[in-house]
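Read the figures in this text as sums done on the coordinates, not as results from a lab. These figures come from a predicted structure and were not determined experimentally. Ideal geometry is used to build each Cβ from the backbone, glycine not excepted, and the neighbour counts take in all protein chains shown.
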Amino acid sequence: MICYAFPLAHEAESLLKLCSQKDQFTIDGVECVVGNLGLRTNVLIARIGMGEAAATDNTETIFQHFKLKALVLAGYGGALVPPLKVGQVLISSNLSSEAVLGFLRMLSGFDFASFGTIDEIVGTPEGRDEVARACEAQVADMETEAVANVVIPRQIPFLAVRAISDDYQHVLPVGALAAGFNASLGKPTPVRLLSYLAMHPGEIAPMAKFIGDLGLARKNLTRFLQTLNAELPAGW
């Protein structure tokens, strides 16, 4: 069985729509769907939560209940360097399994980049420069290193995939993002967001851009995962 793990439900939504014969359930707080994806049967799609602590605990839970042959962590990532653009699909060159990286060089529709795992959103180019130097990374996310630390010691293939949701120059509305999403529950909080934006109208346009860019990121991420799923070894 192969697992496609996502921090957020929004990231997984389009891929779930492509699955057939789905069985949806929750195990120890981890939202799971088992179904068929393309010609591959018995695929697990799981939401592991946002941040290192949740991702670690929930990935451990998955291994307690499923016998996996590979795990793909997929989601959104922030660009730490100017060349990366919204919607670009990237695979971690520093945290994915070496055996998988060799196989991927035969595919297209993505680029390689180094990933850095951070504990909070970086909202400015200046902040991204600091993170890029500290982590020696080109893409920032909040889960990859934590999940890699759970998967790789089990000696099964691990692949980390991110689609860029915000580019280097975009100044993120950090306050609006915090108001619009409950990270501990992994759910949006639209009423709280509207109240916040009413008091901070200057963040409306940046928030609208961020939300709009998520559509392209998810579309490209899903398309790549479809291709990947079809090309990965049948025994996974």
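For the reader, a short list of remarks on this structure follows.
- Computed over the alpha-carbon atoms, region 1-144 gives an Rg to Rh ratio of 0.98, Rh here being the Kirkwood radius from the mean inverse distance.
- On full extension, the segment bounded by Ala208 and Arg154 gains 15.3 nm, given 0.36 nm per residue less the C-alpha separation.
- Folded to 0 to 90 degrees: helix 190-199 orientation relative to the chain principal axis, Cα: 20 degrees
- Between helix 52-65 and the chain: long-axis angle, C-alpha atoms, 0 to 90°, nearest 10: 20 degrees
- Partner lysines for Lys187 [C-alpha distance under 23 Å; skip if fewer than 8 residues away on the same chain]: Lys17, Lys22, Lys209, Lys219
- Considering only trypsin sites (Lys or Arg not before Pro) in DSSP loops that have at most 12 other Cβ atoms within 10 Å, the longest stretch of the chain without any of them is 106-236.
- Alpha carbon Rg of region 63-103, scaled by the compact-globule rule 2.2 N^0.38 Å: 1.51
- q = 0.23 Å⁻¹: log10 I(q)/I(0) that the Debye formula gives for region 112-160, counting C-alpha atoms only: -0.83
- Backbone N within region 181-214 under 12 Å of label point (7 Å from Thr26 Cα along the Cβ vector): 185-187
- The alpha carbon centroids of region 134-152 and region 106-122 are separated by 9 Å.
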